[in-house]
1. Looking only at the range 30-88, which residues are touching a residue at least 24 places away in the same chain (Cβ under 8 Å), open to solvent by 50 Å² or more (accessible area, probe 1.4 Å) and small (Gly, Ala, Ser)?
2. Take the residues in the range 13-24 that are of a type in the set (A, V, I, L, M, F, W, C) and farther than 15 Å from Glu62 by Cα, then tell me which one is least open to solvent (accessible area, probe 1.4 Å).
3. Kindly evaluate Val35 against the criterion of being among the β-branched types (Val, Ile, Thr) and touching an Asp or Glu at 6+ places or on another chain (Cβ under 6 Å).
Amino acid sequence: MAAKIKKGDRVVVLAGKDKGRTGQVTKVLPTENRVLVQGVNMVQRHTRPSQADPQGGIKNKEATLHLSNVAIADVNGKASRVGFRMEGDKKVRFAKTTGDVI
């Protein structure tokens, strides 16, 4: 089945501590049904010093979100469901709220 959310899509968070925030998808993990959204769901990780990072310390990074907790943002910035339709001989994704091709 075709992916409803892909890398580079603009999404809205529907649930959790960052509910209502928008961001761009940087990574999709289809086997785990999770996505990584830029600047959303930030967590702190305590890292030990290494050759790559001699300082170590507390680092901020994004954690993944479940696919069910994000939705595509339409042109108005509101959450929308994704549909598929044929345009000519191509299968395209479209936002169900506005009908625009994503």
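The values are calculated or read from the model by the stated rules, or taken from the named source; none is laboratory data. Just so it is clear, the structure is predicted and the values come from calculations on it, not from any experiment. Cβ atoms come from the backbone with ideal geometry, glycine included; neighbour counts cover every protein chain shown. All accessible areas refer to the heavy atoms of the entire protein, side chains included, with ligands and DNA or RNA removed. Shrake-Rupley method; radii C 1.70, N 1.55, O 1.52, S 1.80 Å.
1. Scanning the range 30-88 gives a single hit, Ser68.
2. So in the range 13-24, the residues of a type in the set (A, V, I, L, M, F, W, C) come out as 13-15.
Subsequent filtering for residues that are farther than 15 Å from Glu62 by Cα retains 14-15.
Numbers: Leu14: 74, Ala15: 41 Å².
So, considering only residues that are of a type in the set (A, V, I, L, M, F, W, C) and farther than 15 Å from Glu62 by Cα, the one least open to solvent (accessible area, probe 1.4 Å) is Ala15.
3. Details: among the β-branched types (Val, Ile, Thr): yes; touching an Asp or Glu at 6+ places or on another chain (Cβ under 6 Å): no.
Taking the combined requirement at face value, the residue does not satisfy it.
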